[in-house]
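Everything on this sheet refers to the single structure shown next.
What follows is calculated from the coordinates using simple rules that are stated; it is not laboratory data. Only a predicted model underlies this, so the values are computations on that prediction, with no experimental measurement involved. Cβ atoms come from the backbone with ideal geometry, glycine included; neighbour counts cover every protein chain shown.
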Ligand SMILES: Cc1cc2nc3c(=O)[nH]c(=O)nc-3n(C[C@H](O)[C@H](O)[C@H](O)COP(=O)(O)OP(=O)(O)OC[C@H]3O[C@@H](n4cnc5c(N)ncnc54)[C@H](O)[C@@H]3O)c2cc1C
């Protein structure tokens, strides 16, 4: 029998990325310690209960059709957390603007035809919709490679859409609202590279990609709780209320331990799975991380404020679709609202309506008191569904999330960290890490966790790598267009001087 001790891995941060890495390494027999600064695991998707026992969360989270790795995890855990695929609506202060079908139920057309033909626009004229066509070139040209990110990242999404001839109305009524809910920032503050990557993954790569399911309760209760039980059964130590502040170093570049308060956790490898703001706090306080330029450069990144509200009304209100995105209410803030009586088991039999309304890029809202926020949300809801105007709010929860999500600002790509760092046994994960998988948000966070686990396995030489499902490949006509475009670019390089900005 081998007496060799199991290799020790410390994972910092218990969101999708941290739990993904921890779970896989624990299954491979590593001695894993997961350190989480907060009182419970979950990160941005953690849910909890109010003093009155009602469940709330830091914003509701959708799971889109291409989240293959998360769906595979749910199958592995043998849990059933999700609603069926739902239809959605889009509202402006003028009322209903768009209704989306469940795209996978309709005859599949080559992308982006299905999205274009099956989406029911109530007001947007055809001529405005057609003005998106030239943008297809940018979608083909942006193939998620490093070179493509460098070409598009310093341009704002607004400039990109303007340069490709998108009409003002299509930009205001369609693209900018998508940026506000997908990248949490208005077009003039978003990297064009991030905009193209996000739109392609969530909407345009394949007809069913925009189809979405939701948890039938908080993600914390429906997924993270059973997942944590599995992780703890696999022998992992999960320690909450442990904020990591520094590392210990052996010589130049090999980390030997992770410091949290007065404790030092010895490590053969370390995986960071913290968001941008958390990482910046860590770098600011850590003599080891501060010594490295790539970590100091993380200080150049930004993060965006979010506001999550939950309102209980005194009566049932008929809401056409359970998930709704809204635009045109505030210039640089997007918001969504969800009918929780339809989505969450807990609220199905509630006598009144329960609504989650989340605001993205919500800087100006964070300064408002709850007494100001709640009537404003009710007023906004009444512009979308008039019955909210007669209903009374009988309970509410307002959660402020300052600097909660990554700001993919123009020029930020150069400061995002890759998974492999200058410290030979420290690896990065999270939804803001540079990788080539092509996914975004929760799916990306989970995938980067698995990728970091695989890097640890490569380095420490023990165990089987996690199987990571790739995103569905490009449709054949997109593959052909991308190949031709690349041939054209390579050919141009043979005789044009390398003279212009990328
Ligand atoms: C309102 C809102 C709505 C969203 N909607 C969606 C959606 O519909 N679909 C979707 O896919 N995604 C959505 N997202 C994005 C999604 O939540 C994130 O992409 C994902 O949760 C990121 O996971 P993560 O593991 O990278 O980071 P996080 O969830 O941020 O986890 C990082 C963890 O690290 C911990 N930490 C930080 N510093 C330290 C330290 N020094 N020591 C120890 N621990 C530390 C934190 O406490 C946290 O638990 C939404 C986000 C918000 C805020």
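Relative contact order of segment 303-407, please, whole-number percent, based on alpha carbon pairs below 8 angstrom and at least 6 residues apart.
Once divided by the residue count of segment 303-407, the mean separation gives 45 percent.
Obtain the nm distance between the two label points defined at residue 349 and residue 123 by a simple spin-label model: each point lies 7 Å from its Cα along the Cα-to-C-beta direction.
My value for the distance between the label points is 4.1 nm.
Starting with the highest mean, order 287-296, 45-54 by the number of other Cβ atoms within 10 Å, averaged over the residues of each peptide. Provide the component values of the computation, followed by the final result.
Details: 287-296: 15.4, 45-54: 13.5.
The most tightly packed comes first, giving 287-296, 45-54.
Evaluate the relative contact order of the chain (contact order divided by residue number), counting alpha-carbon pairs under 8 angstrom at least 6 apart; express in whole percent.
Numbers: 1038 pairs, mean separation 115.7, N = 502.
Relative CO of the chain lands at 23 percent.
Arrange the peptides 190-201, 451-462, 133-144 so that the one whose residues have, on average, the most other Cβ atoms within 10 Å appears first.
On the way: 190-201: 24.9, 451-462: 20.5, 133-144: 17.5.
Going by the mean number of other Cβ atoms within 10 Å, highest first, we get 190-201, 451-462, 133-144.
So, in nm, how far is label residue 266 from label residue 241 when the simple model puts each one 7 Å beyond its Cα toward the Cβ?
Here the answer is 2.7 nm between the modelled labels.
For segment 303-407, what mean projected area does the convex hull of the alpha carbons give, in nm²?
Details: hull surface 25.7 nm².
So the Cα hull casts an average projection of 6.4 nm².
Taking only DSSP H segments of four or more residues, each worth -39500 (n - 2.57), what value at 222 nm results for the chain once the sum is divided by all its residues, to the nearest 500 deg cm²/dmol? Could the numbers behind the result be given before it?
Details: 18 runs with 159 residues, N = 502.
Value at 222 nm, helices only, nearest 500: -9000 deg cm²/dmol.
What is the Rg over Rh value, at two decimals, for segment 396-478, using alpha-carbon atoms and the Kirkwood definition of Rh?
Working: Rg = 15.9 Å, Rh = 15.0 Å.
Taking Rh as the inverse mean 1/r over Cα pairs, Rg/Rh reads 1.06.
Of all the C-alpha pairs in segment 98-217, what % are more than 23 Å from each other?
Values: 2050 of 7140 pairs.
The answer is 29 percent, as a whole percent.
Take residue 493 and residue 287, extend 7 Å from each Cα along the Cα→Cβ direction, and tell me the distance between the two endpoints in nm.
So the two model labels end up 4.5 nm from each other.
Please report how far the C-alpha centroid of segment 276-312 lies from that of segment 203-270, rounded to the nearest whole angstrom.
About 16 Å separates the Cα centre of segment 276-312 from the one of segment 203-270.
Using DSSP, restrict attention to beta bridges with both residues in the chain and report what percent are antiparallel, rounded to the nearest 5. Could you put the intermediate results ahead of the total?
Values: 55 of 75 bridges.
Roughly 75 percent of the beta bridges in the chain run antiparallel, per DSSP.
How would you order 227-236, 399-408 from highest to lowest mean count of nearby Cβ atoms within 10 Å?
Working: 227-236: 17.1, 399-408: 20.4.
Result, highest mean Cβ count within 10 Å first: 399-408, 227-236.
Relative contact order for segment 74-133: what percent, with Cα pairs under 8 Å and sequence separation of 6 or more?
On the way: 46 pairs, mean separation 15.4, N = 60.
In percent, rounded to a whole number, it is 26.
Ignoring solvent entirely, what values of log10 I(q)/I(0) come out of the Debye formula for the chain at 0.08, 0.11, 0.13 Å⁻¹ when each Cα is a single scatterer?
The calculated log intensity ratios at q = 0.08, 0.11, 0.13 Å⁻¹ are -0.51, -0.97, -1.34.
If you take the alpha carbon radius of gyration of segment 1-140 and divide it by 2.2 N^0.38 Å, what ratio comes out, to two decimals? Before the final figure, lay out each step's value.
On the way: Rg = 22.2 Å, N = 140, 2.2 N^0.38 = 14.4 Å.
Compared with the compact-globule rule of thumb, segment 1-140 sits at 1.54.
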